[in-house]
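See below for the structure under consideration.
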Amino acid sequence: EVLVLMLPFDVAMASILPRLDLAVDQLQEEAVSSTMWVIAYISCAGMAFVIIPFSINFYDSDEEDSFGRRLCVSFAWSALILGIFAFLVGILWGFLGEVELPVWSTTSPLLPYSKLSVLQKQSGEGYALAPNNKDGTKGFYQNQGIVTIRTTIAVYILAMTAFVGWFLVMLFSGIGLIALPMDLINAFRTRPKAIDVRDFANRKLELKNRAKELMDVGADWERESKGSSRKARAKERIFANKFKAMVLELENDYEKLMIEYKERGGNPLIPWFQLFLGVMSFVISISWIAQVVLFVFLKPPH
């Protein structure tokens, strides 16, 4: 989201800074814009390689361990991922951190203004490049060369973040593009509605039976899971996450039932607001896909 907002920020900087009373030239405008891009990409790198790995590892850690152990293990995994990222950036910048730029060099004797012709004469004192010769050849010489400069490490941080970001987009773009609009629209479709006592009793009995089944499944798993190997603990974490999801779904259904019976459906504006957000998210998703198709896969007309 931050990178998406950087494009209008560039446009705003280009239109606002020249109107200020400050002495801001084009190079200063580009420096401010470049600095903001570097800050945005480094923030994304910190989110992708530090905060997200720490959150995932802390969530998947064994709850039977102490809080300090879970915290240390999560920090260790985050440090490992950050170390691998820093190692790759350092290797690329150390061995491929130079850029070769083609340039033209101009060589010419400098002539004083007094020795130039009348048409070429300049006012004042100073020197200028030699004019063309009488035979039409140039009085100065141009040679094409290559200048090698050393880039900053920030450029490689940006490049590595963008490279890894493409894979993250391919893996998780469905959450924002498809899942979020569908969840919001489905929240409107399954919004709480007022029910009578008979429906309340029947659905409460169904929730009670589901809760009993979950308790039986949890008890059976607790009796069977006695392994202490790494594979057994990983399998136990997977089951625990699935079990938590089923318990959370049951709790949400119970809260919805209470809203339908006691609050007679709750606030009617909330579902309509969710529908509005779902439609807007769907429009944004379609616009983003259309932008990718038009500007990446299709050539713009000349």
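Every number in this text was worked out from the coordinates using simple rules, so none of it is lab data. Every value quoted in this text rests on a predicted model; they were computed, and no experiment measured them. Cβ coordinates were reconstructed from backbone atoms using ideal geometry, including for glycine residues, and neighbour counts include every protein chain displayed.
Any chance you could run the full-extension gain for ASP196 through LEU96? It's 0.36 nm times the residue separation minus the Cα-Cα distance, nm to one decimal.
Values: separation 100, 0.36 × 100 = 36.00 nm, distance 7.17 nm.
Going from the current span to full extension adds 28.8 nm.
Exceeding 23 Å between C-alpha atoms, which entries from my cross-link table qualify? They are LYS242/LYS262; LYS204/LYS235; LYS235/LYS256; LYS193/LYS242; LYS208/LYS256.
LYS242/LYS262; LYS204/LYS235; LYS235/LYS256; LYS193/LYS242
In a solvent-free Debye calculation with one equal scatterer on each Cα, what is log10 I(q)/I(0) for region 139-200 at q = 0.15, 0.16, 0.21 Å⁻¹, listed in the order of the q values?
With no solvent term, the Cα-only Debye profile gives -0.78, -0.81, -0.94.
Listed highest first by mean packing, meaning other Cβ atoms within 10 Å per residue, what order do 150-163, 232-245 come in?
Highest mean packing first, the order is 150-163, 232-245.
For region 246-302, give the magnitude of the charge dipole about the Cα centre (Cβ charges: +1 Lys/Arg, -1 Asp/Glu; no others), in debye to the nearest 20.
Dipole about the Cα centre, nearest 20: 400 debye.
Pop a pseudo-label 7 angstrom from the Cα along the beta-carbon direction at both TRP221 and THR151 and give the gap in nm to one decimal.
Each label point is offset 7 Å from its Cα along the Cβ direction, giving 4.7 nm.
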